[in-house]
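The values are calculated or read from the model by the stated rules, or taken from the named source; none is laboratory data. Only a predicted model underlies this, so the values are computations on that prediction, with no experimental measurement involved. Don't worry about glycine lacking a Cβ; one is built from the backbone with ideal geometry, like all the others, and counts go over all protein chains shown.
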Amino acid sequence: MKKILTLTFVVLFLLTVTPLPMSANPGPTTFEVGKNVPGVRGRQVTVPVSVSDNQGFAAVGLVIDFKPEHLRLRDAVLRTTGTDAPRPPLRLSLEHEVKEPGSANYGIQWISIVDVNNREDWDGNGVLMNLTFDVVAPVGVDITDIGLNYTTSPNGTPVNSKGQLLTRVEYTSGSVVISTSSQGPDGPQPPGTFGVTLDNGGTGSSGQGWYLPQARVDINAGTAPAGQQFSHWSSTGSVTFENPNSATTSFTMPNAHVTVVANWVPIPIPSPSPPPTTSPGPTTSPGGSTTPGPTTTPGSGTGGGGSGGFGNVPQTGVSDMTGTIVAMIFSILMTASLSAYLVVHIRERRRQKKTTPNNGK
């Protein structure tokens, strides 16, 4: 009995003093701006800034770097939904540092997120805050980048409540894809989803919205604009269409925001048939000769008939008509010449008979 109790004590002691295996080190705390977020020129767009593998921090200063001629920052708001949302005493303050083009801080906004009491770390993951921009990019700009880094001011590098720097930190930039003629997905973005923007669609187009990764997305280009017909689909992301040449098709949602574009081409206009060509109508000279009558090429209407000394002549073409007329004139001249010869010959015979003596009497 004593041996059993002694063995049990030894096992408990070893379990107490022997450290348990540690889990693998977490990845670096990563701050990331949303990529390919769909925006509409002349409207506002909301871009999320997310955190993953959060080791916990009580203060951080972030630099949001963008082009003011493309985007204008309106607001930055901490996420308020979810059990792990950043809440007071964590507080966000927005410090505008936009300067003239070409200066060192051109297009930079400083955002400080600080636990004002410096007593508690926020170790949540997911969306940290949402940035709201006015999309002011000129026509021709289809995508604009949003850089992300830490400030060099106090509270720049993430610090926990013990004043320790987070040494393993990464910052990932994002972008806004800009369209003109369509609106982005309606309503707030549900957790875990990405947006599909359908650009340049016709009346009744559909498919725009929020989708989970790997979901099937059905899109319809809608009714074609006047004088145009559907050509094909194109996209800003890694999208593979089932049939890119069909106005109604589908694709599998990737792990990113995408914009799909309906492309149209003019409806071909058939070439008109050549107009008929007609030669001049017949004319009759005072001497009774007739010039060629009208001729009509295949496919044209019926030409007018001629009037004159030869009646109707088959209208088989200008060349044929000319040859026929020449032959007929030649025939008339020959006939007239022969007739004149015969008349002269007969008259000469009669004259000779009158002048010759009649020796028989």
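Considering the conditions (1) at pLDDT below 80; (2) under 30 Å from Ser179 (Cα atoms); (3) acidic (Asp, Glu); (4) surrounded by 13 or more Cβ atoms within 10 Å (Cβ to Cβ), Asp134 is excluded by exactly one of them, (1). For region 109-131, what are the residues that are in a loop (DSSP other than H, G, I, E, B), modelled with pLDDT of 75 or more and more than 40 Å from the chain's Cα centre (by Cα)? Once the filter is applied, which keeps residues that are in a loop (DSSP other than H, G, I, E, B), modelled with pLDDT of 75 or more and more than 40 Å from the chain's Cα centre (by Cα), region 109-131 yields Glu120, Asp121, Asp123.
Is one or more of the residues making up region 264-281 touching a strand residue (DSSP E or B) at 6+ places or on another chain (Cβ under 9 Å), modelled with pLDDT of 80 or more and either surrounded by 15 or more Cβ atoms within 10 Å (Cβ to Cβ) or among the charged types (D, E, K, R) (or both)? Yes, because at least one residue in region 264-281 is touching a strand residue (DSSP E or B) at 6+ places or on another chain (Cβ under 9 Å), modelled with pLDDT of 80 or more and either surrounded by 15 or more Cβ atoms within 10 Å (Cβ to Cβ) or among the charged types (D, E, K, R) (or both).
Quick check, is Thr259 within 30 Å of Pro48 (Cβ to Cβ), assigned to a strand (DSSP E or B) and within 16 Å of the chain's Cα centre (by Cα)? Against the criterion (within 30 Å of Pro48 (Cβ to Cβ), assigned to a strand (DSSP E or B) and within 16 Å of the chain's Cα centre (by Cα)), Thr259 qualifies. Of all residues in region 210-230, those satisfying the criterion of being outside any loop (DSSP other than H, G, I, E, B) and buried (at least 16 other Cβ atoms within 10 Å of the Cβ) are Trp210, Tyr211, Val217, Ile219, Asn220, Phe230. For region 231-240, a residue qualifies if it is crowded, with 18+ Cβ neighbours inside 10 Å and in a loop (DSSP other than H, G, I, E, B), and the qualifying residues are Thr236, Gly237, Val239. With respect to Ser250, is the statement that it is at pLDDT 90 or above and surrounded by 13 or more Cβ atoms within 10 Å (Cβ to Cβ) true? So Ser250 fits the description; yes.
Among the residues of region 178-196, at least one is among the β-branched types (Val, Ile, Thr), at pLDDT below 70 and surrounded by 11 or more Cβ atoms within 10 Å (Cβ to Cβ).
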